[in-house]
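Enquirer: Here it is, the structure in full.
Each reported figure results from applying straightforward, stated rules to the coordinates on display, with no laboratory input. Remember, it's a predicted structure, so these values are computed and weren't measured experimentally. Quick reminder, even Gly has a Cβ in these numbers, built from the backbone with ideal geometry, and neighbours come from all protein chains shown.
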Amino acid sequence: DYQFGHDKIQYVFQNLMNKEEKEKLHLAIGQKFLNNSSKNSNHQAAVHLNRALAAIEDRVKLAKINLEASKYCEQKSAYSSSALFLQNGLKSLDGDQKWV
């Protein structure tokens, strides 16, 4: 895992970036996690890709990633997190795509 050495460093770093830069960063991090083959990496990818929602073109793929993250959380008995991933997956879909 990547971590900042101190919470305040992370706070300053995040405040130096505008919204579009943050989305691009989360998109890049999410894609890196997707390239990893572990189940936990899909969970981590979903966390970052959900923060980059405006930059995501393939919303159906994002919904599927959220579904996999939800299943992962459910297996770990993290039911509230599982429900949040399901909500994010539905939120990522537009109108009639919800029933694909």
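Enquirer: If I take every Cα pair under 8 Å that is 6 or more residues apart in the chain, average their sequence separation and divide by the length, what percent do I get for the relative contact order?
Expert: Values: 97 pairs, mean separation 20.8, N = 100.
Taking the mean separation of contacting Cα pairs over the length of the chain, I get 21 percent.
Enquirer: Size of the dipole of the chain about the Cα centre, Lys and Arg at +1 and Asp and Glu at -1 on the beta carbon, nothing else charged, in debye to 20?
Expert: Computed charge dipole of the chain: roughly 140 debye.
Enquirer: In cubic angstrom, how much convex hull volume per residue do the alpha carbon atoms of the range 37-80 span? Mind dumping the intermediate values first?
Expert: Details: hull volume 3.1 nm³, N = 44.
Enclosed volume per residue, from the Cα hull, is 70 Å³.
Enquirer: Shifting gears a bit: Is there a pair in LYS24/LYS91; LYS22/LYS91; LYS22/LYS76; LYS8/LYS91 whose C-alpha atoms are over 26 Å apart, and which pairs would that be? Let's see the in-between values first.
Expert: Values: LYS24/LYS91 19 Å; LYS22/LYS91 20 Å; LYS22/LYS76 29 Å; LYS8/LYS91 32 Å.
Exceeds cut-off: LYS22/LYS76; LYS8/LYS91.
Enquirer: Per residue Cα convex hull volume for the range 1-55, in cubic angstrom? Please list the in-between numbers first.
Expert: On the way: hull volume 4.0 nm³, N = 55.
That works out to 72 Å³ per residue.
Enquirer: So between GLN10 and GLU74, what do we pick up on full extension, going 0.36 nm a residue minus the alpha carbon distance?
Expert: Length difference between fully extended and current span is 20.1 nm.
Enquirer: Write out the chymotrypsin sites (Phe, Trp or Tyr not before Pro) in the range 1-94 meeting two conditions: DSSP loop, and at most 10 other Cβ atoms within 10 Å of their Cβ.
Expert: Here the sparse-neighbourhood loop sites are TYR2.
Enquirer: Cα axis of helix 79-92 to longest principal axis of the chain: angle in degrees, 0 to 90, nearest 10?
Expert: 80
Enquirer: Further question: Separation between the ASN18 and SER41 pseudo-spin-labels, each 7 Å from Cα along Cα→Cβ, expressed in nm?
Expert: According to this spin-label approximation, the distance is 3.3 nm.
Enquirer: At 1.306 mPa s and 10 °C, plugging the Kirkwood radius over alpha-carbon pairs of the chain into Stokes-Einstein gives what diffusion coefficient in µm²/s? Please report the intermediate quantities before stating the final value.
Expert: On the way: Rh = 14.2 Å.
D = 112 µm²/s.
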